[in-house]
Structure formats: C-alpha cells, structure tokens
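Read the structure below first, then the notes.
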Amino acid sequence: MSVFPFSAIVGQQEMKLALLVAAVDARIGGVMIFGDRGTGKSTAARALAATLPTIRVVDGCRFNCEPEHRDDCPDPCTNKRVRKMAVPFVDLPLGSTEDRVLGTLDLERALANGEKKFETGLLAKAHRGFLYIDEINLLEDHVVDLLLDVAASGENLVERDGLSIRHPARFVLIGSGNPEEGELRPQLLDRFGLSVEVRTPEKIDDRVEIMKRCDAQEQNAQKFAEKWKGEDAKVLRQIARAKKAIGSIKTSAKVLRDTAEICKAVGADGLRGELTLMRGARALAALEGDKVVTRDHLKQMAPLALRHRLRRDVLDETGSTVRIERALEELFG
C-alpha cells in the first residue's frame, strides 16, 4: 500500500509539529493523538516514518541492531554484513497479548528440539522506529502500562519459563483514539510526552483540497509521491539537522524558571510536565534552526506538553487548552 506524503497532509499543524518534535528527541516519550475519526491520525504517523532515511542494521539480526552496537544484542550478532532497511513502523493491534508484545519462549522449537529460544515480540520489531497503537483507549491497561515502561527505559526485559532476555527497544510511541469511545486512565495518559487534539477541518477550502489530494493519490500514487518528493526531502533535512544540533542547544536559567512557572500556574501534576516541556522546547528550537531556547518555543510547546496533565478544577470547567493559553497570557502577556 502506498503511503501518503507527509508534506501533502492539509492542516493539522499541531499534530504534525508533535510528530516532528518526537522524531527529533525520542526521550520526549511519544505522542498521544485524540480526535475525530478519519482526520489523518494514522496517515500522518505512517507518512513521517516513510519520510525518514533508511537505517543500517546487522544483516539477519532479529533486533534491528546497529552495527556499532551489536554488543547490546542478546543474540550472537556476529554477521559482518550490513544492510539498509526502512525505518520500522509497527502496528499494535487491539487484543494483542502480553507475549505478542514483549516476546516469549518459542514453543514450537522447545517442543521439537527441547531448545529454549526467545521468540521476538512487537517491541523488538519496532526498535529504532515507530510503534503505533490505534484506539489505544480500548487496549487493556496492563498492556499500555508495559508499553510505557519500555518506551521510557528503552529496554525490554522478558523473564519467563526459565528465559531471561534483555534487548534494546527504543521507539517513538504513538497512540491515537476517539474520546467518544472511551478515555485513557489519567495515570497512563500522563506518561505520554505530548498530547494532541485533532478536529475535523471546518473550512470548506481545506475539505476541498483534502479531497483533491486524496483523489490524486488514488488515481496515480507514484505520480503524486513524485510531486511531493521535494517537500518531503526538506522535512527530512530539517529533522536530520535538528537531531545533529539538539545536543548543543542552550537552555538558560531564565527559560527553566519560565518553564516551572507555567507548570505551576496551570496546576500540572508531578514534574513530568516540566521535563517534557523543556525537552520539547529544545527540540522545537533545533527544528527551527535556533541555538537557544526562547519563551516563544515554550509558548508553542506548552499546550502539547501540559494539556493532559492538568488537575481537574471543579470551579473551572473550561478546557485544558484554554486554561493553558490563559495562564500563558497572564504570565508573559
């Protein structure tokens, strides 16, 4: 199936920004996208993964190991041949069991040969790529909890049936769902780095343009991809420059103080809000080619990093985004 070009997606600027920021710094902790059905949530995630450059892996490795880090592989990763592969994009279907996600004992081999061998799960396949969960709000809580643990640590530890396997599992976690079909528990939602709300476009011109572009892709996917190839290449270069520069981006004491004041003003629970806002603002600065994080970067990232972390205020039933925008206006004008 052909992938819709990332640059050809009409509108949904906040969702696209969140995905770009997460692609620059995976430590941000993934993106949760809530919104109406059919608004391009999975299309955008797939499109970004397809835009990224191929990665180098040890040929035949089940864990997508980098040739330079083959020592981290639980298998004897001795093959000297290196191949290139597309950035992994793994769909985690509803109803997936813990064994399917984490990996388990290869029962067939155990019964046939009496050999204990690890059968990789979806987390191993997603290493160095994206793990996408549509309707994550309908997934069992304990599976979501496991996913968030691995996404935060970058490692998957499996201990069962006499097996003890630890392997790297660094991926960008993207969840999406429609709040009308059920909500994610606040404890789990808080562990996502960024949260985005997408809505059905209101402008007639946008709706018409979406129809035109979808129709053009259906008529001739190759020609449509060729048309947007140049724009996607710009996105790719922007991400590559940002990933290279992010280690040198400066965050002043004044900006850190602003970050803490925003989180306190909106009543964000815990300190994950501060840490995510700081990392997100730094990644945004890198994407925009700036060398220091500014208050403008904080203001852009604050709704994405904080709206899912606000305590409910029984005296103020306005939405989280409005509360954050109001706090930003009061603090910084």
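The values are calculated or read from the model by the stated rules, or taken from the named source; none is laboratory data. The structure presented is a predicted model; accordingly, all values stated were derived computationally and were not measured. Positions of Cβ are backbone-derived with ideal geometry, glycine not excepted, and every protein chain shown enters the neighbour counts. Each accessible area value is taken on the protein alone, full model and side chains, heavy atoms only, with ligands, DNA and RNA left out. Shrake-Rupley method; radii C 1.70, N 1.55, O 1.52, S 1.80 Å.
The table for this structure:
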| item | result |
| --- | --- |
| Long-range neighbours under 7 Å by Cβ, at least six apart or interchain, first residue over 22 Å from Arg37 (Cβ atoms) within the stretch 133-146, second open to solvent by 20 Å² or more (accessible area, probe 1.4 Å) and of a type outside the set (Gly, Ala, Ser) | Asp141/Arg185; Val143/Glu98; Leu146/Glu98 |
| Filtered residues of the stretch 131-145 (kept if within 26 Å of Leu52 (Cβ to Cβ) and not in a strand (DSSP E or B)) | Glu135, Ile136, Leu139, Val144 |
| Single condition Ile33 does not satisfy, out of (1) surrounded by 19 or more Cβ atoms within 10 Å (Cβ to Cβ); (2) assigned to a loop (DSSP other than H, G, I, E, B) | (2) |
| Count of the stretch 262-279 residues which are under 13 Å from Ala327 (Cβ atoms) and surrounded by 15 or more Cβ atoms within 10 Å (Cβ to Cβ) | 8 |
| Options Gln222, Gln238: the member that is part of a helix (DSSP H, G or I) and in contact with a helix residue (DSSP H, G or I) (Cβ under 7 Å, 6 or more places away or on another chain) | Gln238 |
| Unique residue being touching a Ser or Thr at 6+ places or on another chain (Cβ under 9 Å) and surrounded by 23 or more Cβ atoms within 10 Å (Cβ to Cβ) when the list is Arg282, Arg326 | Arg282 |
| Neighbours by Cβ (under 7 Å, 6+ apart or cross-chain): first from the stretch 79-101, in contact (Cβ under 8 Å) with a residue 12 or more places away in the chain and more than 14 Å from Val3 (Cα to Cα); second exposed (fewer than 14 other Cβ atoms within 10 Å of the Cβ) and among the polar types (S, T, N, Q) | Lys84/Thr54; Met85/Thr54 |
| Residues (in contact (Cβ under 8 Å) with a residue 60 or more places away in the chain and crowded, with 20+ Cβ neighbours inside 10 Å) located in the stretch 166-186 | His167, Pro168, Phe171, Val172, Leu173, Ile174, Gly175, Ser176, Gly177, Leu184 |
| The stretch 191-204: number of residues that are outside any strand (DSSP E or B) and buried (at least 19 other Cβ atoms within 10 Å of the Cβ) | 3 |
| Test: residue in the stretch 79-95 that is among the aliphatic types (A, V, I, L, M), part of a helix (DSSP H, G or I) and closer than 15 Å to Val150 by Cβ | no |
| Unique residue being closer than 25 Å to Ala22 by Cα, surrounded by fewer than 19 Cβ atoms within 10 Å (Cβ to Cβ) and either of a type in the set (Gly, Ala, Ser) or under 17 Å from the mean Cα position of the chain (by Cα) (or both) when the list is Ala126, Ala152, Ala112 | Ala152 |
| The lone exception for Cys214 - which of (1) modelled with pLDDT of 90 or more; (2) within 22 Å of the chain's Cα centre (by Cα); (3) not aliphatic (A, V, I, L, M) it fails | (2) |
| Pair list, Cβ < 9 Å and 6+ apart or interchain, from the stretch 275-291 residues that are without any contact (Cβ under 8 Å) to a residue 60 or more places away in the chain to residues that are outside any helix (DSSP H, G or I) and hydroxyl-bearing (Ser, Thr, Tyr) | Met278/Thr251; Ala281/Thr251; Ala281/Thr294; Ala285/Thr251; Ala285/Thr294 |
| Qualifying residue in the stretch 305-313 (condition: within 20 Å of Leu188 (Cβ to Cβ), open to solvent by 40 Å² or more (accessible area, probe 1.4 Å) and either touching a residue at least 24 places away in the same chain (Cβ under 8 Å) or among the basic types (Lys, Arg) (or both)) | yes |
| All positions within the stretch 96-130 that are among the small types (Gly, Ala, Ser), modelled with pLDDT under 85 and not in a loop (DSSP other than H, G, I, E, B) | Ala110, Ala112 |
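Residue by residue, here is whether (1) within 19 Å of Leu331 (Cα to Cα); (2) modelled with pLDDT under 90 holds:
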position: Arg241; (1), (2): no, no
position: Ile249; (1), (2): no, no
position: Arg257; (1), (2): yes, no
position: Cys263; (1), (2): yes, no
position: Leu271; (1), (2): no, yes
position: Gly280; (1), (2): no, no
